[in-house]
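This report refers to the structure that appears directly beneath it.
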Amino acid sequence: MRHKPHNFPHRIKGNALMVANYPSDTAYAWWLMEHFWTLITEMYTASGNRAFLAFPRINTPPSITQKTAVEALELTFPWNDKIEKMAFIEFIKQNKIELIYLTDQHYFDVRYKTLRDAGIKHIIVHDHTPGDRPPFLGIRGALKDIRNRISPFTADAVFCISPLMRERSISNGRIPSSKCIIVQNGIPPHKSSMTRAHVRKSLGIDNDTVVAITTGRVAPYKRLDFIIKAASLQDESAGIIYMIVGDGPAFCELDALVEKLDVAKSVKLLGFRTDVSELLRASDFAIHAAQGEGFSLSITEYMGAGLPVLVPNIPSVSQAIEHGRNGYIYAKDSHEELASYALMLAEKSELRRSMGENAKHDALTKYSLEQCTKAFASSMETVLSKC
């Protein structure tokens, strides 16, 4: 997606440091984070300043350095020892860093005082962390509220990726509401260069078979085993292929579960793929069974491809789904209910079509990358305008 660089030269002073919380070649690193880093880089370089991107380790040159003027280097935050601390602080001082942009770090951290003493004027935390957390109440909540108002040790702003996550930051994190800014996660329009029939032929799936797709890192937290167990409740006459796309630490366990439950004919483990857009085009609906999310890009990508989505009744996972309109919300521990909704969608093509159209409309109007980009630029302007 092409976008106009955002330039606030009258407000930008010093240089920017963005900090990744994973090595440069980590799989499943969010493309959306690279988009935000690109926006900050363009903002600062267009104003005659510099932008740096720190990784704890650079194994291969990050692709963003080929597309932008960002300068990549190895630095670690939070630092683990005195040597890492001194390297970080010395870099800030030598390069006149005034803005630091952190991903998934704490709102309160005693290290922030050290950063401010070194010259940092603005600390932004972009929170993508998953999970549903109850309100933090009572005396402990009150003490946390007091602690979180001590400016030297707290961030200037927390970018929250959905309204629900903003509410979590306020009620559970006890972060002042004035510092919690919504930057709703968004996706670009879905694109596929191949026809549905061609993709299905390459997978050995005929045109009449109903395909349910799930994508993402294969880790226990994503509960992909739950989907396989639900699939095992249906006989072959259901005509559904459950296609799981991705790899990760739990892949071998999933493979063993498919064999144990004897569902190899109805469950396909495709491993890591670079053609997810084409696989979505070849699918009929999607399933997302995670224990929790921040705001799932996978779900919005399913929706953008025109697929109804089945999700558990976990608030952080079901944020984008309206039951019966653009998908179904099933009881989170019920294999039977998930299987029942899957069978309903498999049997009713017109229902899949209408729900898929609603899902695509919502993705384009509520969760577009264009809207996300505008919200991010506006939020950056808000933070930079404060001394």
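Among what's in the stretch 218-261 and is of a type in the set (Asp, Glu) and free of Cβ contacts under 8 Å to residues at least 12 places away in the same chain, pick the residue that is surrounded by the fewest Cβ atoms within 10 Å (Cβ to Cβ).
Among those that are of a type in the set (Asp, Glu) and free of Cβ contacts under 8 Å to residues at least 12 places away in the same chain, it is 235.
For the stretch 239-247, check the following and say yes or no: at least one residue is part of a helix (DSSP H, G or I), modelled with pLDDT of 95 or more and aliphatic (A, V, I, L, M).
No: the stretch 239-247 contains no residue that is part of a helix (DSSP H, G or I), modelled with pLDDT of 95 or more and aliphatic (A, V, I, L, M).
Only one of 150, 123, 213 is surrounded by 13 or more Cβ atoms within 10 Å (Cβ to Cβ), outside the structural domain of residue 252 (by TED's automatic domain parsing) and of a type in the set (Val, Ile, Thr). Can you tell me which?
Values: 150 fails: surrounded by 13 or more Cβ atoms within 10 Å (Cβ to Cβ); 213 fails: outside the structural domain of residue 252 (by TED's automatic domain parsing).
None of the other options fit; the residue is 123.
Would you call residue 187 under 24 Å from residue 354 (Cα atoms) and of a type in the set (A, V, I, L, M)?
Taking the combined requirement at face value, the residue satisfies it.
Taking strands (runs of 3 or more DSSP E) that do not extend beyond the stretch 154-220, which have at least 2 residues that are under 20 Å from residue 129 (Cβ atoms) and under 21 Å from the mean Cα position of the chain (by Cα)?
157-160, 180-182
Please pick out the residue among 212, 231 that is closer than 18 Å to residue 335 by Cβ, at pLDDT 95 or above and either in contact with a Ser or Thr (Cβ under 6 Å, 6 or more places away or on another chain) or of a type in the set (Asp, Glu) (or both).
On the way: 212 fails: either in contact with a Ser or Thr (Cβ under 6 Å, 6 or more places away or on another chain) or of a type in the set (Asp, Glu) (or both).
231 is the lone residue from the list that is closer than 18 Å to residue 335 by Cβ, at pLDDT 95 or above and either in contact with a Ser or Thr (Cβ under 6 Å, 6 or more places away or on another chain) or of a type in the set (Asp, Glu) (or both).
Looking at (1) over 28 Å from the mean Cα position of the chain (by Cα); (2) under 27 Å from residue 180 (Cα atoms); (3) at pLDDT 95 or above, find the lone condition where residue 93 falls short.
The one condition residue 93 does not meet is (2).
Within the stretch 25-32, does at least one residue satisfy the condition of being assigned by TED's automatic domain parsing to the domain that holds residue 120, at pLDDT below 95, in a helix (DSSP H, G or I) and more than 18 Å from residue 91 (Cβ to Cβ)?
Yes, the stretch 25-32 has at least one match.
Among the candidates 129, 114, 76, single out the residue that is among the hydroxyl-bearing types (Ser, Thr, Tyr), in contact (Cβ under 8 Å) with a residue 24 or more places away in the chain and assigned to a loop (DSSP other than H, G, I, E, B).
One residue alone meets the criteria, 129.
Just to check your reading of the model, which residue among 30, 79 is farther than 23 Å from residue 114 by Cα and of a type in the set (Phe, Trp, Tyr)?
After ruling out the rest, the residue left standing is 30.
Considering each residue of the stretch 176-194, count those that are touching a residue at least 24 places away in the same chain (Cβ under 8 Å) and either touching a Lys or Arg at 6+ places or on another chain (Cβ under 7 Å) or over 17 Å from residue 294 (Cα atoms) (or both), and give that number.
10
Just checking: which of the helices (runs of 4 or more DSSP H) contained wholly in the stretch 287-387 hold 3 or more residues that are surrounded by fewer than 20 Cβ atoms within 10 Å (Cβ to Cβ)? Spell out how you get there, then give the answer.
On the way: elements: 297-304, 335-347, 349-366, 369-384.
Answer list for the stretch 287-387: 335-347, 349-366, 369-384.
Scan the stretch 137-167 for residues that are among the basic types (Lys, Arg) and either within 18 Å of residue 297 (Cβ to Cβ) or touching a helix residue (DSSP H, G or I) at 6+ places or on another chain (Cβ under 6 Å) (or both) and report the count. Step through it out loud before you land on a result.
In the first step, residues of the stretch 137-167 are kept if they are among the basic types (Lys, Arg); the result is 140, 144, 147, 149, 166.
Narrowing the set further to residues that are either within 18 Å of residue 297 (Cβ to Cβ) or touching a helix residue (DSSP H, G or I) at 6+ places or on another chain (Cβ under 6 Å) (or both) leaves 166.
Residues in the stretch 137-167 being among the basic types (Lys, Arg) and either within 18 Å of residue 297 (Cβ to Cβ) or touching a helix residue (DSSP H, G or I) at 6+ places or on another chain (Cβ under 6 Å) (or both): 1 in total.
Among the numbered criteria (1) surrounded by 15 or more Cβ atoms within 10 Å (Cβ to Cβ); (2) in contact with a Pro (Cβ under 7 Å, 6 or more places away or on another chain), which single criterion is violated by residue 41?
The single condition residue 41 does not satisfy is (2).
Would you check which residues across the stretch 183-204 are surrounded by 18 or more Cβ atoms within 10 Å (Cβ to Cβ) and among the aliphatic types (A, V, I, L, M) and list them?
Applying the first criterion (surrounded by 18 or more Cβ atoms within 10 Å (Cβ to Cβ)) to the stretch 183-204 yields 183-187, 190, 199-200.
Residues satisfying the conditions are 183, 187, 199.
Give just the number: which of (1) touching a strand residue (DSSP E or B) at 6+ places or on another chain (Cβ under 6 Å); (2) under 20 Å from residue 312 (Cα atoms); (3) buried (at least 22 other Cβ atoms within 10 Å of the Cβ) does residue 168 not satisfy?
All conditions pass for residue 168, except number (1).
Here's a check for you: in the stretch 291-336, which residue that is under 19 Å from the mean Cα position of the chain (by Cα) and among the hydroxyl-bearing types (Ser, Thr, Tyr) is farthest from residue 365 (Cα to Cα)?
Ranking the candidates gives 316 first.
Any idea which residue in the stretch 84-98 is farthest from residue 44 (Cα to Cα), counting only those that are touching a Leu at 6+ places or on another chain (Cβ under 9 Å) and among the aliphatic types (A, V, I, L, M)?
By that ranking, first place goes to 87.
Would you check which residues across the stretch 324-341 are of a type outside the set (S, T, N, Q), touching a Lys or Arg at 6+ places or on another chain (Cβ under 9 Å) and closer than 15 Å to residue 353 by Cβ and list them?
Selection gives nothing.
On the basis of being out of contact with any Cys (no Cβ under 7 Å at 6 or more places or on another chain), surrounded by fewer than 21 Cβ atoms within 10 Å (Cβ to Cβ) and of a type outside the set (S, T, N, Q), does residue 281 make the cut?
no
The values are calculated or read from the model by the stated rules, or taken from the named source; none is laboratory data. Predicted model only: the values in this text are computed from it and were never measured. Using ideal geometry, Cβ is built from the backbone for each residue, glycine included, and neighbour counts are taken over all protein chains shown.
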